[in-house]
Every structure is written in C-alpha cells, then in structure tokens.
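Reviewing the structure listed below.
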Amino acid sequence: MGNLAVQIMSTLSDLYSEFVMPTYGRFDLEIARGAGSRVWDFDGKEYLDYGAGIAVCSLGHAHPEITETIAKQAATLIHTSNLYKTQPQALLAQRLVGITGPGKVFFGNSGAEANEGLIKLTRKFGSETGRYEILTFLGSFHGRTMAGISATGQEKVKKGFAPLLEGFQHLPFGDIKAVKAAIGPKTAGILLEPVQGEGGIHIAAADFLRQLRQLADEHNLLLLFDEIQCGLGRTGEWCGWRSLAPDIQPDGVSWAKGIANGVPLGAFWASSNRGLCDLLGPGTHGTTYGGNPLVSAVGNKVLEIIERDNLLDNAKARGAQLRDGLLAANHPSIDTVRALGLMLGIELVPGITAIDTVKALMAGGLLTIPAGEKVVRLLPPLNVTPEDTAESLDRILKNLPKA
Ligand SMILES: *Cc1c(COP(=O)(O)O)cnc(C)c1O
C-alpha cells in the first residue's frame, strides 16, 4: 500500500528517474494521446507529430482500421509460436515478396533483429568459401545489438562495449574506390542504407548503388539494403532504393519501423538468386514472437492501406511540398535541405544545434527528430494532408532558432 501511495503522488518524471533505465535523453514532453498526424500532451497542448515515432506510424495515430484490425485479430488469435503455420504471416510474406522480388521472408521483432538476420545470412553464405567480412559505411546506423553496433559506422554507439563482433569495415559513404580497395578474400557482403537516416538523411547516389551491384556481382558478394527507415513507402516507393536506382535488385533487404504502424515487427527478405532464400534452413535461425498473427495482421493492413490510398504518391507530393516550401523560404537558419519523399533532413547553419532546434520547434507545436549535431529530421505519416503540411511549414519557419 505504501508503494502505491508513493506512485500516485509521483510525477511521470519521478517515475522515469527512479524506475526506467536512463538509456535515452528523453524530451520533457509527456504524450497523452494521438490522432492522425497529431498528438496531445496532458495539458491538452497539440503537436503535429513529424517524428511519427521515428518513421514508424506511417498511417498516423489511432487509425481506425488499424485499431479495428488489432482488436479483431486479438479476439481471434494473438500468438502461436513459429512451430505452427498461421495465415497472416504467410500473407504478409507474400505481400513483401510481391513488393521486393522473388525470394522469401523471415519475421522478427525489430530493426536490429532484422539486420542481425541479414548478417547471419551473409555469414552462412560466406561459410562455404571461408568468407565472413561485411563492408558497411561511415555515418550508418544498423541497430543496438552487438552485431548492430559492430556494423554501425558511428563510434559513439560502440564505446564501452568491446570486444565487438569482428568482420566489419566502415568506408566513406558514396566512395566506390574505397569499396573496391576494401574487397578482399574474406569479403562476403556489402550492407548499407540507401538513405542514411540516423546519420542525417544522406541519400546514396544512384550510380553508387549501381556500382555496388556490379562489384557484388564481380566478386560474388551479397548486396544488402537496410531499409528499416527508408523502406515501405517512406521515400515515395515501396522500396527506398527504387527511388534512386530502380534498375537494380539487392540480395537482401531488412525492414522494421514503418512496417506495422507501431506494433513491433521486423523482417528481412532474401532473394531467390543463388538459392539465398533457402540458405537458413530448419534450426538455423528463429525467434519466438516473430511474425505472430497479431503483428502480421497489422502489417498486412498497413501495406493494404498504403496501396489503396495511394500513399506512395502522397509521400512524393507532400515531400515535395515540404522541401519546396523550406527551400523557397530562404530561411537564414537553414543551410541545406535533403529530401527523398517524406524523409527530409534540414541541415542547420553553424551556430544552431539540432537539439536546440528540435526543442524550439516542439515549443511551437511541431515534433521533429535530431540526427547528429546539425540535422533535424522530418518524418511525418505517409497520409499527412496538404493542409497539415502547410501548417507544419508555418510552424517550422516561425520557430526555427536564429544563429
Ligand atoms: C531504427 C533503425 C535500425 C534499428 O531498428 P530498431 O527497431 O530500433 O532495432 C536499424 N537500421 C536503421 C536504418 C534504422 O533506422
């Protein structure tokens, strides 16, 4: 009883400092509820949510069809383990293969786990020829598991966690010469985000992607795209890389974030080429929850709605509206804007930090996400309206801090 009384009298901040591990530098904002592109705090203050849970809530908050899907599936069958076959998982796999190309899908629970799968696939592939090394890139982000931080090209995520998983080299993003030079007898694959998200919205050049494909073919390597942030409609195409180089096909793709609107789901696809999609046989890989009926039903519904409501076109149109509005304003605090569909990065001029900007925009009623020291990310829901987009532009331009 004593403990209960303490809890009731504590503020949310007190509870966090006492009971939740301090792994996140959380903002001083307590979100009470959401609807569409907006969220509200406990005082009723309204915010346009242009973080969307870090590119997760593709259809916005409290989408009625998602709510209905969750309720219906929960009342039918939530979980069975992967010892049995269930309809929603098989249908979602079919859908993802339809989007990506001939191959097969494995379901996990997060982005890091999806990349972990791509890494294990590459190890298995290379094991026949004694190869295991994966080339990745500086500025990348591939998740927080040991393999994820080993693959990630940012020192800050690795500090204190040595020894890391071996077999990764980090090369300058976009530098094909460096890639050529790094390929050796142990190289088995190349892993990259076609659009680096956490690293600050850095968009790969189409030719870089094509040259990577060519190198992978020449040296019998796997070309792996981490589409956890840029995939499934975010860039205005189902596959992020197809916004850049629609003529190439990778050997593996990872997804999470936008795949199920906030219900935890991750997945990776392996191509049918070279028998890759059957390489991980019974007993080689697994996870208890992965792709259970509840999350898979939601994934199916998310992809169905994106298609039915032409949200790829909307992502392109609203992305262009935002980008053009930002550029046209010629705001003195904006250095550059990088954008592909609804994945936008505002790079700030020297003297203005991303974190101060995010806080100023929050005070002005717009949630955004920092990416490094000097880039603010805009990742609104894919169904954001032209009116909300205009409103967001207004809130950005009014509230951007001055140098
Ligand atoms: C978020 C992200 C991850 C990690 O996903 P989690 O679900 O947080 O494990 C990996 N790669 C990219 C590109 C991401 O944006």
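The values are calculated or read from the model by the stated rules, or taken from the named source; none is laboratory data. Note that the structure is predicted; figures quoted are calculated from it, not measured. Every residue, glycine among them, receives a Cβ derived from its backbone with ideal geometry; neighbour counts consider all protein chains shown. With ligands, DNA and RNA removed, areas are computed over all heavy atoms of the protein, side chains included. Shrake-Rupley method; radii C 1.70, N 1.55, O 1.52, S 1.80 Å.
Sort through Leu92, Leu77, Leu29 and tell me the only one that's in contact (Cβ under 8 Å) with a residue 40 or more places away in the chain, open to solvent by less than 50 Å² (accessible area, probe 1.4 Å) and outside the structural domain of Leu367 (by TED's automatic domain parsing).
Leu92
Could you go through the range 163-186 and let me know if any residue there is within 11 Å of the ligand (Cβ to nearest atom) and either assigned to a loop (DSSP other than H, G, I, E, B) or modelled with pLDDT of 95 or more (or both).
The answer is no; no qualifying residue exists.
Given the conditions (1) within 16 Å of the ligand (Cβ to nearest atom); (2) in contact with a Cys (Cβ under 6 Å, 6 or more places away or on another chain); (3) on the phi < 0 side of the Ramachandran plot, which single one is not true for Gly197?
Unmet for Gly197, out of (1) within 16 Å of the ligand (Cβ to nearest atom); (2) in contact with a Cys (Cβ under 6 Å, 6 or more places away or on another chain); (3) on the phi < 0 side of the Ramachandran plot: (2).
Please go through the range 125-164 and give me each residue that is touching a residue at least 24 places away in the same chain (Cβ under 8 Å) and among the aliphatic types (A, V, I, L, M), ordered by number.
Once the filter is applied, which keeps residues that are touching a residue at least 24 places away in the same chain (Cβ under 8 Å) and among the aliphatic types (A, V, I, L, M), the range 125-164 yields Ile134, Leu135, Leu138, Ala147, Ala151.
Please enumerate the residues belonging to the range 142-180 that are on the phi < 0 side of the Ramachandran plot and touching a strand residue (DSSP E or B) at 6+ places or on another chain (Cβ under 7 Å).
His142, Ser150, Ala151, Gly153, Phe168, Gln169, His170, Leu171, Pro172, Phe173, Ala178, Val179, listed by residue number.
Within the range 159-197, track down each residue that is of a type in the set (D, E, K, R) and out of contact with any Gly (no Cβ under 8 Å at 6 or more places or on another chain).
Once the filter is applied, which keeps residues that are of a type in the set (D, E, K, R) and out of contact with any Gly (no Cβ under 8 Å at 6 or more places or on another chain), the range 159-197 yields Lys159, Glu166, Asp175, Lys177, Lys180.
Return the residues of the range 146-162 that are outside any helix (DSSP H, G or I) and either within 22 Å of Val195 (Cβ to Cβ) or open to solvent by less than 40 Å² (accessible area, probe 1.4 Å) (or both); say none if nothing qualifies.
Thr152, Gly153, Gln154, Lys158
Between Leu221, Leu192, which is surrounded by 23 or more Cβ atoms within 10 Å (Cβ to Cβ) and in contact with a Phe, Trp or Tyr (Cβ under 7 Å, 6 or more places away or on another chain)?
That would be Leu192, the only listed residue that is surrounded by 23 or more Cβ atoms within 10 Å (Cβ to Cβ) and in contact with a Phe, Trp or Tyr (Cβ under 7 Å, 6 or more places away or on another chain).
Among the residues that make up the range 250-263, is at least one of them touching a residue at least 24 places away in the same chain (Cβ under 8 Å), in contact with a His (Cβ under 6 Å, 6 or more places away or on another chain) and not aliphatic (A, V, I, L, M)?
No, the conditions are met nowhere in the range 250-263.
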